[in-house]
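Student: My questions will all concern the structure given below.
Throughout, read-outs are computed from the coordinates displayed, never taken from laboratory work. Being a predicted model, the structure only gives us computed values, none of them experimental. Cβ placement follows ideal geometry from the backbone for every residue including glycine, while neighbour counts extend to all protein chains displayed.
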């Protein structure tokens, strides 16, 4: 009886320990589950949701579209500015062209001639070389304008310019001095004989006939030359001496001869008036004009 009671008494503590052990084990599993659930919630809170990612992507796309629009606007503005710069550059070039070149012929004007003369004079002094200015005037050019009009007169001037350009070197300068007057600058020539040779060549080229708007026009040129340093030391001095020489050359100069070309296959009839380009006398005809007598009397 006593043994049975001892046995039962000692058996209860084991059972109680087993329950406590099971209780402790149960408590440990619960803690593990709670910890795992906490980490899951924390990771969910830290990582963005699909909606947030969608909103961010939409925002980025909109920013990209806005950037594209701004780039397009900037490109258009840049293109417009470039067009303005090109236009301004062209206007500046045109202004410079008009400031230093003759509008009709495109030749250098007096301003550019004087500028080039100053440079050529420096070279002539440095190299101890002569420099020449040729002043050229078309004889009775006014008659062409008066009888055929300024349009034909302008075309004649352009044709004269072509022949002048073909008569000089690349380093030389042909300038429209005004009206029917031209100046040719010959830098660093060997001697005065070279200037006279150029003047003779120019006269021969210019006296050949011009065919303009159904007219054959023959015109001569008077040329005066001045050579540095013998005839002057400055631009003004040389121009003055060349002008004096040109008017001396005009004594007995040739005249302007205008001939109407036939419009059909009939023979051409040349009818000059009271003078001849080569000094030969030819019969007069009122249809063609050579000499302006009123202009001659006013001299």
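Student: Could you list, bin by bin from short to long, the percent of Cα-Cα pairs of segment 110-250 in 5 Å steps?
Tutor: Histogramming segment 110-250 at 5 Å steps yields 2, 10, 21, 23, 18, 12, 8, 4, 2, 0, 0 percent.
Student: Which order do peptides 120-127, 221-228 fall in by mean Cβ count within 10 Å, highest first?
Tutor: 221-228, 120-127
Student: Something else now. Pop the C-beta distance of residue 208 and residue 234 into the FRET formula with R0 = 41 Å and round what comes out to the nearest 0.05.
Tutor: Between residue 208 and residue 234 the formula returns 0.70.
Student: Test of understanding: extend the Cα→C-beta vector of residue 154 to 7 Å, then name every residue of segment 103-120 with backbone N under 17 Å from that spot.
Tutor: Within reach of a label on residue 154, which here means backbone N under 17 Å from a point 7 Å along Cα→Cβ, segment 103-120 contributes 103-107.
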